[in-house]
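Undergrad: Take a look at the following structure, please.
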């Protein structure tokens, strides 16, 4: 399988920040948003389980192509150590460092994949298969103070309402709680994290339109998108287009 496609499937297992602490492994912080001048940062991995945890850590370059996330192998940013065993009740610190000598001219986006590898229950019998819990965290190098602006389009596609967000700025946008409102009707694209829109990228978010709300979100209708873009509120009037 192509590395980019394989890694993209890994990203599909992304856990939202609120769920980044698993029953056995607690991670802090749940992402890194670093200024271009900062070359490294640390994360803490705490083992809350009564048994040792085997952990593998990898970094991938993160891109969005045709609205889809793509993860590509990279040596520009690395995690150290790449693998370790954390004793019960202990906390381990990993270091994420940017090694590329090239200056950061535009925001760089990466994904840190943390694999929690559990020992097989019947390993002594030689029949066990290790299970993996994967957490994917965002890592950015750029200007945390830069403004990020989205351009929106909304259209009806069959029984779905599609919200298209285009990011023409130089900074990523983290969307959460995205919803569409029309009169007394409301459609929620997500509760909590909706997704990221990287600089220069376009993402589409879809939600099914119940039969009772078809007229409220029909093509030609004026509606409002609400939610959060980072710390800012989204309150965007849009016109529903047809497809």
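Undergrad: Assess whether residue 99 counts as being modelled with pLDDT of 95 or more, buried (at least 17 other Cβ atoms within 10 Å of the Cβ) and assigned by the TED database to the domain that holds residue 56.
TA: No, not satisfied.
Undergrad: In addition: Taking the condition of being over 12 Å from residue 209 (Cα atoms) and crowded, with 19+ Cβ neighbours inside 10 Å, how many residues in segment 149-163 meet it?
TA: Residues that pass the stated criteria total 3.
Undergrad: Under the condition of being modelled with pLDDT under 95 and in a loop (DSSP other than H, G, I, E, B), which residue from segment 64-86 is farthest from residue 47 (Cα to Cα)?
TA: 66
Undergrad: Right, something else. Which condition from (1) within 30 Å of residue 104 (Cα to Cα); (2) crowded, with 17+ Cβ neighbours inside 10 Å is the one that residue 146 breaks?
TA: Here residue 146 clears every test but (2).
Undergrad: From the set of residues in segment 31-46 that are without any contact (Cβ under 8 Å) to a residue 60 or more places away in the chain and under 23 Å from the mean Cα position of the chain (by Cα), which is farthest from residue 92 (Cα to Cα)?
TA: 39
Undergrad: Could I ask something else about it? Whether any residue in segment 221-230 is surrounded by 14 or more Cβ atoms within 10 Å (Cβ to Cβ), touching a residue at least 24 places away in the same chain (Cβ under 8 Å) and farther than 21 Å from residue 151 by Cα is what I want to check.
TA: Checked segment 221-230: no residue is surrounded by 14 or more Cβ atoms within 10 Å (Cβ to Cβ), touching a residue at least 24 places away in the same chain (Cβ under 8 Å) and farther than 21 Å from residue 151 by Cα.
Undergrad: Select, from 181, 219, 170, the only residue that is in a loop (DSSP other than H, G, I, E, B) and farther than 21 Å from residue 64 by Cβ.
TA: Matching residue, one of 181, 219, 170: 219.
Undergrad: A further question follows. Could we say that residue 195 is in a loop (DSSP other than H, G, I, E, B) and within 18 Å of residue 66 (Cα to Cα) here?
TA: no
Undergrad: To continue, here is another question. Look at segment 188-215 and say how many of its residues are loosely packed, with under 14 Cβ neighbours inside 10 Å and closer than 28 Å to residue 110 by Cα.
TA: Total meeting the criteria: 3.
Undergrad: Among (1) at pLDDT 95 or above; (2) under 18 Å from the mean Cα position of the chain (by Cα); (3) not in a strand (DSSP E or B), there is one condition residue 144 misses while meeting the rest; what is its number?
TA: That leaves (1) as the condition not met.
Undergrad: Right, here's the next one. Looking at 76, 66, which one is more than 16 Å from the chain's Cα centre (by Cα) and exposed (fewer than 12 other Cβ atoms within 10 Å of the Cβ)?
TA: The conditions single out 66.
The values are calculated or read from the model by the stated rules, or taken from the named source; none is laboratory data. On a predicted model such as this, the values are computed, not experimentally measured, just so you know. Reconstructed Cβ throughout: ideal geometry from the backbone, glycine too, with neighbour counts over all protein chains shown.
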